[in-house]
Amino acid sequence: MTITPSQLGGEPELLDDPEPESVRERTVEQEREHRKIQLATAFRIFARYGFEEGVAGHITARDPEWPDHLWVNPYGVHFARVKVSDLLLLNGEGKVVGGSRRTNKTAFAIHAAIHDARPDVVAVAHAHTLNGRAWASLSRPLDPIIQESCAFWNDHVVFDDYRGLVLDKAEGEAIAQAMGGTRAAILRHHGLLTVGRTVEEAVWWFITMDRAAHMQLMAEAAGTPRIMSTEEATLAHRQFGNANQARHSFNLLADLVREEQPDVVE
């Protein structure tokens, strides 16, 4: 069973434009380099948040020239050590066509299917976090109990079908179908997954969703959280779920990483 946005009370709103006009004027080569730098930086950010879990977890970015090609982290490299030069380019069949390291098959099985189904999605983020997995075990959507949690109000699903490691693209396709046009999924017994029209969006939504899961776990351990009204949740979704806020919030973290760890762009 998949819990859909309609069961949560509606459909997701259109968000703000994800990039200023000046960014859309980049050449293909400039946009590729930008996405790769943001992607490598994103792994360093994930490491700071403790989102690493052995070899698990991936963030992918669509190549701006070849839409069926994805940039992804290599297998067996700790998030805290990922550099731009480590990133791999996978073609539409999951084969490495750029880079010299190994890839993780689960990265392609899940992410490629979502990218295929969602032309609007540039990046997909998934990691096995403590809070995300704890919440995913409950097989429930997040409630609108905190204003930041409302970034996902009517805008995420619960994928309620667990089959172990995702090695078959068909399961990735099932996740993509369940998500529809939403920005996030809670994968039962597995963790969280977010998407974005930029790397910045996908990564910031993941951080926000993991924190939302943590806050709800804490609130329910202490008592019965008060649920926002539809009007309150809709307002908070508009204010805390827009793309511009995600981009700026990501860049605050990215600036710190690149100042303290300049090797990330190598």
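Take the alpha carbon atoms of the stretch 109-148, find their radius of gyration, then divide it by 2.2 N^0.38 Å using N residues; give the quotient.
In units of the globular-protein estimate, the stretch 109-148 measures up at 1.50.
Nearest 10 degrees, 0 to 90: what angle lies between the long axis of helix 105-117 and the longest principal axis of the chain (Cα atoms)?
Once rounded, one gets 70 degrees.
In Å², and per residue, what accessible area does the stretch 99-169 have when probed at 1.4 Å with the other protein chains present?
41 Å²
When the gyration tensor of the stretch 136-266 is built from Cα positions, what are the square roots of 5 times its three eigenvalues, in whole Å, from largest to smallest?
24, 22, 15
Of the peptides 89-95, 113-119, how do they stack up when ordered by the mean number of other Cβ atoms within 10 Å, highest first?
Order by mean packing, descending: 113-119, 89-95.
Summing -39500 (n - 2.57) over the DSSP H runs of n ≥ 4 in the chain and dividing by its residue number, what mean residue ellipticity at 222 nm do you reach, to the nearest 500 deg cm²/dmol?
Only helices count here, giving -13500 deg cm²/dmol.
So if I restrict to the alpha-carbon atoms in the stretch 78-127, what is the Rg, and what is Dmax, the biggest pairwise distance, in Å?
Rg then Dmax for the stretch 78-127, in Å: 11.5, 31.
Where Lys and Arg each count +1 and Asp and Glu each count -1, what net charge lies around TRP135 among other residues with Cβ under 13 Å from its Cβ?
Surrounding charge for TRP135 is +1.
Please give the peptides 188-200, 248-260 ranked by average Cβ packing (other Cβ atoms within 10 Å per residue), highest first, as a rough proxy for protection.
Averaged packing, sorted descending, gives the order 188-200, 248-260.
From largest to smallest, what semi-axes in whole angstrom does the chain give when each is the square root of 5 times an eigenvalue of its alpha carbon gyration tensor?
28, 20, 18
The values are calculated or read from the model by the stated rules, or taken from the named source; none is laboratory data. It should be emphasised that the depicted structure is a prediction, and the values quoted were computed from it without experimental measurement. Positions of Cβ are backbone-derived with ideal geometry, glycine not excepted, and every protein chain shown enters the neighbour counts. Note: areas computed on protein heavy atoms with side chains; ligands, DNA, RNA excluded. Shrake-Rupley method; radii C 1.70, N 1.55, O 1.52, S 1.80 Å.
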